[in-house]
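Novice: Structure provided below as structure tokens; questions to follow.
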Amino acid sequence: MEIRIGQLSHPAVINLLEEHHQDMLIHSPPTSVHALDLSALSQIGVTFWSVWSNNELAGCGALKELDSSHGEIKSMRTAKNFLRQGVAKLLLEHMVEQASTRGYQYLSLETGTMAAFLPAQKLYQQLGFEVCQPFANYQQDPYSTFMTKGIS
């Protein structure tokens, strides 16, 4: 598998991000969906990666800089044809490495609380993320779980 930076204008990426957003709306009310749209993923301070297998999109994710010591994982999504094949773990490990290279002390994320989010929560825990209080501009929300990891 190959991790590429960018590719936000690729039709497969656009479709996967739209699927991601629609899926979030199935499990959470609109006010509790924090997925970034294409415009937000294109902003300065956000780095977007896509994962490809033989030129087929396998997944995507982004790293948003909150400040010089704190990053946030955004828009993690694995394509249906690649579920449970290690795509999310590969990408998450890459983003943790990038956070370390950037000198971040913490890497945080927000994910859902419904059963559909349990596999993601399990992966995050396996890679050292722990449940925490809301960070940045987030507020306590019954549909959100907040997690963080110290970066050494």
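None of the figures in this text is laboratory data; all of them are computed from the coordinates on show. Quick caveat, the model's predicted, so the values are computed rather than measured. Glycine gets a Cβ as well: all are built from the backbone with ideal geometry, and neighbour counts include every protein chain shown.
Novice: Magnitude of the Cβ-charge dipole of region 2-150, K/R +1 and D/E -1, about the Cα centre, nearest 20 debye? Before the final figure, lay out each step's value.
Specialist: Details: 10 positive and 14 negative charges, 55 e Å.
So the dipole magnitude of region 2-150 works out to roughly 260 debye.
Novice: Rounded to a whole number of µm²/s, how large is the Stokes-Einstein D of region 28-77 at 4 °C and 1.567 mPa s, given Rh as the Kirkwood radius over C-alpha pairs?
Specialist: Working: Rh = 12.1 Å.
Value of D from the Cα-based Kirkwood radius: 107 µm²/s.
Novice: Another one. Starting from region 74-116, pick out the trypsin sites (Lys or Arg not before Pro) whose DSSP state is loop and whose Cβ has at most 11 other Cβ atoms within 10 Å.
Specialist: Numbers: sites: Lys74, Arg77, Lys80, Arg84, Lys89, Arg102; in loops: Arg84, Arg102.
Loop-located and lightly packed - Arg84.
Novice: Mind sorting Val87, Val131 by how few other Cβ atoms lie within 10 Å of their own Cβ, fewest first?
Specialist: Values: Val87 24, Val131 11.
In order of increasing Cβ crowding within 10 Å: Val131, Val87.
Novice: Starting with the fewest neighbours, write out Asp67, Asp141 ranked by other beta-carbon atoms found within 10 Å of each beta-carbon. It would help to have the intermediate numbers written out before the result.
Specialist: Values: Asp67 11, Asp141 17.
By the 10 Å Cβ count, ascending: Asp67, Asp141.
Novice: Along the positive direction of the dipole of region 2-150 (beta-carbon charges: Lys, Arg +1; Asp, Glu -1; about the Cα centre), which of Pro29, Phe129, Ala62 reaches farthest?
Specialist: The listed residue farthest towards the positive side: Phe129.
Novice: Under 20 Å from the Cα of Lys122, which lysines turn up, not counting those fewer than eight places away in the same chain?
Specialist: Lys74, Lys80, Lys89, Lys149
Novice: Could you put Leu90, Leu63 in order, starting from the residue whose Cβ has the fewest other Cβ atoms within 10 Å?
Specialist: Details: Leu90 17, Leu63 22.
Least to most surrounded, the residues fall as Leu90, Leu63.
Novice: Can you divide the C-alpha Rg of the chain by 2.2 N^0.38 Å and report the result to two decimal places? Display every interim value, and only then the final one.
Specialist: Numbers: Rg = 14.3 Å, N = 152, 2.2 N^0.38 = 14.8 Å.
Expressed relative to 2.2 N^0.38 Å, the Cα Rg reads 0.96.
Novice: Take the Cα of Arg84, step 7 Å along the line toward its Cβ, and report every residue of region 94-137 whose backbone nitrogen sits under 20 Å from that point.
Specialist: 114-127
Novice: To continue, here is another question. Find how many whole Å separate the alpha carbon centroid of region 76-152 from the alpha carbon centroid of region 1-42.
Specialist: That distance is 15 Å.
Novice: Report the convex hull volume per residue for region 59-138, counting only C-alpha atoms, in Å³. Walk me through the intermediate numbers first.
Specialist: Details: hull volume 7.2 nm³, N = 80.
Hull volume normalised by residue count: 90 Å³.
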